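Let me begin by presenting the structure, written as structure tokens, before commenting on it.
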Amino acid sequence: MNASRRTIARLVAPVLALALVAGCATPPPADDKEAVAEWEQVNDPLEPMNRAVFDFNRAADKYAIKPAAEGYRAVMPKFGRERVHNILTNLNSPLTFANDVLQGETDRAVQTFFRAMLNTTFGLGGFIDVATPAGIPPHEEDFGQTLAVWGVGEGPFLMLPIFGPSNPRDTVGLVAEMFADPFDLAMANMGKEYISYTRMGLTGLDKREGLLDTLDEIERTSLDYYASLRSLYRQHRSSEIKNGRGGGEKIPAPGLSRTSKGEELSQSAQ
Amino acid sequence: MMTRRFLLAALVGSFLGLAFTPIAAAEADPKVFVSQLAGTAMETMTAKGISDAERNQRFRTQFTTDVDLPEIGKFVLGRHWRAATPEQQQDFLKAFEEIVVLTWATRFKDYGGDLRHVVTNAATDGGGIVVESKVERDRQTPINLQWKLKKGEADLRVVDLVVEGASMAITYRNEYAAVIQANGGKIDGLLGAMRTKIAEMQSAGKGATKAN
């Protein structure tokens, strides 16, 4: 616990330096207990900086990323997009497998292994997902989740440029995977980095295209788009880490809280 | 027992379109309640031959009967609920109902397309009931839903919907708290933002129907 805190502190240092430029949010006065509980639960001391980055992301999305994703959807038929998605998922399987193993998820590791075997051979390099109809559904794992399983705390909420909602722990996971990807390393060895860049670009397009309707819907219905995304991301992430098994901490629901206000506030935040 | 319940669910599910009056016996089963709720909502939003005004009215009546919006609203406002005047509380609940109904009408319309909603499990959890279900999509991983139900005096009512681990009630709560904070802790600021949003969503809804 202490060690992980220290790691996080070290990771947070450069971010805090950046935050000094943009300014931190002001915490509520200590005597307002409920406001303090809310502040801790929202876990976003860098909010002014994060909101500035979010504004940048929205501009980049509006003028470049979203039009590209919409163009991709318009130009490429659904069949083609599914093939691309399958190939990208297959390319990711070495990392998914490694993370399954590192998390001690034997069953899921075996699933990932056989999926990659089947799809690479019978599925022609991942072109066709033959494993899902065969009863082995895909799942995602990343190094941020592995760190979480190992007990590393998430740290404060962080809005990354282009990459979007994150936190120091998941940022470390993201960077680590960029350097550790076996396929990219192999391409670099052969001097074919352009293949890795193509893959990166396609991954971005595939992700954004998949989120076109969802994000539009959230933006359409929310009063504060940033706050909605922050809440959704953090809740979804904590469920992903538990591989959807829930367990342990309870998510409070209206009308179900046995003890009053105090417990209501300490929701899924770790 | 398991199979009989499943058969009952399937049976009720297949007659959803015809069942205008809720069957008292079916209401008691949480799984049937959820599949009936989702089924009727999709049915209402995709039914042909009724005007949009009537469609929306039907959806609102059903949705507000099955979902305990005042209870959710109180939770969403949290500590600010107690600070609010009775008039503000009433204004908030009214605006909240409007936003939630406008939001979910569109979502059920989309779900009613080529998606299938399947109820998988029901369990009691503390003071309430949690029903798990899945929205299955073609060649994509299904979306996992959890419906939190509360047993009222007469029948079951929804108090939260958890989509892929994200609770709608908590999301609203976090979001609205941020809006109140941005308005210097004033609930009137939130109410103003909600009214603007409602007007925006209503005019967008009308625009969409005209375009179709």
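Quick notes on this one:
- Amide N proximity, region A:173-187 versus A:Thr198 label position 7 Å along Cα-to-Cβ, cut-off under 17 Å: A:183-187
- On the principal axes of its alpha carbon atoms, region A:75-183 extends 43, 38, 22 Å, with the longest extent given first.
- Extending 7 Å from the Cα toward the beta-carbon at both A:Ala30 and B:Thr46 defines two label points whose distance is 5.8 nm.
- For the residues of B:78-85, the average number of beta carbons from a partner chain within 10 Å of their own beta carbon is 3.
- Note on A:215-228: average number of Cβ atoms from other chains within 10 Å of each residue's Cβ is 5.
- Pairs beyond 23 Å (Cα-Cα), from B:Lys74/B:Lys197; B:Lys74/B:Lys94; B:Lys150/B:Lys197; B:Lys109/B:Lys197; B:Lys74/B:Lys186; B:Lys31/B:Lys109: B:Lys150/B:Lys197
- Note on A:159-169: average number of Cβ atoms from other chains within 10 Å of each residue's Cβ is 0.
- Once divided by 2.2 N^0.38 Å, the Cα radius of gyration of region A:143-251 becomes 1.25.
- Percent of C-alpha pairs per 10 Å bin, region A:45-242, short to long: 8, 29, 38, 22, 3, 0
- Estimated from the Cβ-Cβ distance and a Förster radius of 35 angstrom, the FRET efficiency linking B:Thr124 and A:Glu40 is about 0.70.
- Of the GluC sites (Glu not before Pro) found in region B:99-191, those that fall in a DSSP loop while having at most 14 other beta-carbon atoms within 10 Å are B:Glu153.
- Ignoring lysines fewer than eight residues from A:Lys192 along the same chain, the ones with Cα atoms less than 29 angstrom from its Cα are A:Lys66, A:Lys78, A:Lys207.
- Region B:37-111: Rg to Rh, with Rh as the Kirkwood radius over Cα pairs: 1.07
- Note that region A:32-100 carries a Kirkwood radius of 16.1 Å, evaluated over its alpha carbons pair by pair.
The numbers here are math on the coordinates, done by the rules we state, and not lab data. Just so you know, these numbers come straight off a predicted model, no measurement behind them. Quick reminder, even Gly has a Cβ in these numbers, built from the backbone with ideal geometry, and neighbours come from all protein chains shown.
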